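Visitor: Below: one structure in structure tokens.
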Amino acid sequence: MKRIPEPEYMDMQDEADAYADADFNDVNAAFVNDLLAFVGDRDQARIIDMGTGPGDIPQRILSARPQWHVIGVDASLAMLLRASDGRKRRSDEVIPGYVQCDVKWLPFAAATFCVVISNSILHHVTGVESFWREIKRIGKPGAALFLRDLARPTSEAEAADLVATRAGTESALLQEEFYRSLLAAYTPEEVRGQLDKAGICGMQVMQVSDRHLDVKGRLP
């Protein structure tokens, strides 16, 4: 099935609210557990979460590793407002920083981060060359890269089945967004081609569930 791009930004408040209020507890917990297992038990780490959305993943990371420094970036002000609400509710804990920016044009110096992560942003990005260029630029040599995203199904019917199976109890708006995101996702083979073109070698790219793929390794 050919990829059908979707809007890069989820900047409508109702979209951000639907995403923030959905039950991603198991998915986000698995992401953070897998990230921590991959990165290891470091004393210090400076991490960027690209496409942080409502900020649940940075909060989970800091709950497990309060000594780390985590910055979440997102182009959507509506998403970051939800992230800020969550940060206020957790004012007694170590909190992440948030920056509004496009993941294809990051306001950080080269070689700033020792860990670069992303959960479900790649399928929003059409200008993937700029996305991977920025990851390579802002990551320190040898930085850990851990990216998880949707993997495109083979047909619209398969996408509809995934929505029914995985999001059947969520709001109609979230189900619609999920369906569009599945159609906009990349295949593992396409992602491998993107990495090769960007000169990011040695990454593992694998499908890890009925709807997710992972990219992980060390940046050159």
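The values are calculated or read from the model by the stated rules, or taken from the named source; none is laboratory data. Since the model is a prediction, treat every value here as computed from it, not as a measurement. Backbone-built Cβ (ideal geometry, glycine too); neighbour counts: all protein chains shown. Accessible surface areas use protein heavy atoms only, side chains included; no ligands, DNA or RNA. Shrake-Rupley method; radii C 1.70, N 1.55, O 1.52, S 1.80 Å.
Visitor: With +1 on each Lys and Arg Cβ and -1 on each Asp and Glu Cβ, and nothing else charged, work out how big the dipole of the chain is about its Cα centre, in Debye to the nearest 20.
Guide: I would put it at about 1060 debye.
Visitor: Tell me the mean residue ellipticity at 222 nm calculated for the chain from its helices only (DSSP H runs of n ≥ 4, each -39500 (n - 2.57), averaged over every residue, nearest 500).
Guide: Counting only the DSSP helices, I get -13000 deg cm²/dmol.
Visitor: Based on the Cβ-Cβ distance of Met12 and Asp210, what FRET efficiency does E = 1/(1 + (r/R0)^6) give at R0 = 25 Å, to the nearest 0.05?
Guide: For Met12 and Asp210, the calculated efficiency is 0.35.
Visitor: Across 5 Å bins from 0, what is the distribution of all Cα-Cα pair distances for segment 100-172, in whole percents?
Guide: Result, from short to long distances: 3, 13, 18, 21, 14, 9, 10, 9, 3 percent.
Visitor: Another question, if that's okay. Give the dimensionless ratio obtained when the Cα radius of gyration of the chain is divided by 2.2 N^0.38 Å.
Guide: Against the empirical 2.2 N^0.38 Å value, I get 0.96 for the chain.
Visitor: What FRET efficiency comes out for Lys197 versus Asp43 if R0 is 41 angstrom and r is the Cβ-Cβ distance? Round to the nearest 0.05.
Guide: Step by step, r from the Cβ atoms, then E = 0.70.
Visitor: Could you state the accessible area per residue of segment 160-212 in Å², with a 1.4 Å probe and every protein chain left in place?
Guide: 51
Visitor: Let me ask another. Among Val73, Leu106, Gly199, flag the residue with its Cα farthest along the positive direction of the charge dipole of the chain, charges on Cβ as +1 for Lys/Arg and -1 for Asp/Glu.
Guide: About the Cα centre, the residue reaching furthest to the positive side is Gly199.
Visitor: Something else about it: Restricting the count to DSSP beta bridges whose residues both fall in the chain, what percent are antiparallel, rounded to a multiple of 5?
Guide: Among the beta bridges of the chain, antiparallel pairing accounts for roughly 35 percent.
Visitor: Here's something else I'd like to know. Would you work out what percent of the accessible area of the chain, with all protein chains in place, is carbon or sulfur (probe 1.4 Å)?
Guide: In the chain, the share of accessible area belonging to carbon and sulfur is 52 percent.
Visitor: Measure of size requested: the Rg and Dmax of segment 63-190, with Cα atoms as the atom set and Å as the unit; please supply both.
Guide: 16.7, 47
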